[in-house]
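Down below is the structure, laid out as structure tokens.
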Amino acid sequence: TCDTGDQQTMAAVHLKEPAATIVERLKDVATYEGEDAVFECRLSRETAQDAQWFLGDVPLQSNEMNEIRVQG
């Protein structure tokens with residue numbers, strides 16, 4: 001706010017977070033049929049709500065087959 005006594009003006013600051021970038025890429029995993037396979041990647045921000053896992057073109061959800069965790 002700037003105030004001269006007769007006049008006043010004000011402005012707001014709107015902060016936007018930059019998009020997350022991939023810091024550590026996925027690596028191939030070898031496992032036996034019926035065993036778990038763990039895939040990990042690291043992003044530039046811990047609170048990357050815009051990140052999503054896919055199998056091909058299909059978005060993955062946490063369920064009895066897939067466990068998606070965020071650690072940070």
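Here, each number is a calculation from the coordinates, and none is a lab measurement. Predicted, not measured: the structure shown is a model, and the values here were computed from it. Here Cβ is always computed from backbone atoms with ideal geometry, including for glycine, and neighbour counts include all displayed protein chains.
Write out the chymotrypsin sites (Phe, Trp or Tyr not before Pro) in the range 11-72 meeting two conditions: DSSP loop, and at most 13 other Cβ atoms within 10 Å of their Cβ. Walk me through the numbers before you get to the answer.
Values: sites: 32, 39, 53, 54; in loops: 32, 39, 53.
Listed in order of number, the matching sites are 32, 39.
For the range 19-61, run through the GluC sites (Glu not before Pro) and keep only the ones in DSSP coil with at most 10 other Cβ atoms within 10 Å of their Cβ. Please list the in-between numbers first.
Values: sites: 24, 33, 35, 40, 46; in loops: 33, 35, 40, 46.
Here the sparse-neighbourhood loop sites are 33, 35, 46.
In a fully extended conformation the segment linking residue 28 and residue 41 would gain 3.5 nm over its present Cα-Cα distance, using 0.36 nm per residue.
Shown here: semi-axes √(5λ) of the Cα gyration tensor in Å, derived from the displayed model; of the candidates (i) 46, 12, 10; (ii) 28, 21, 5; (iii) 17, 15, 10, it corresponds to (i).
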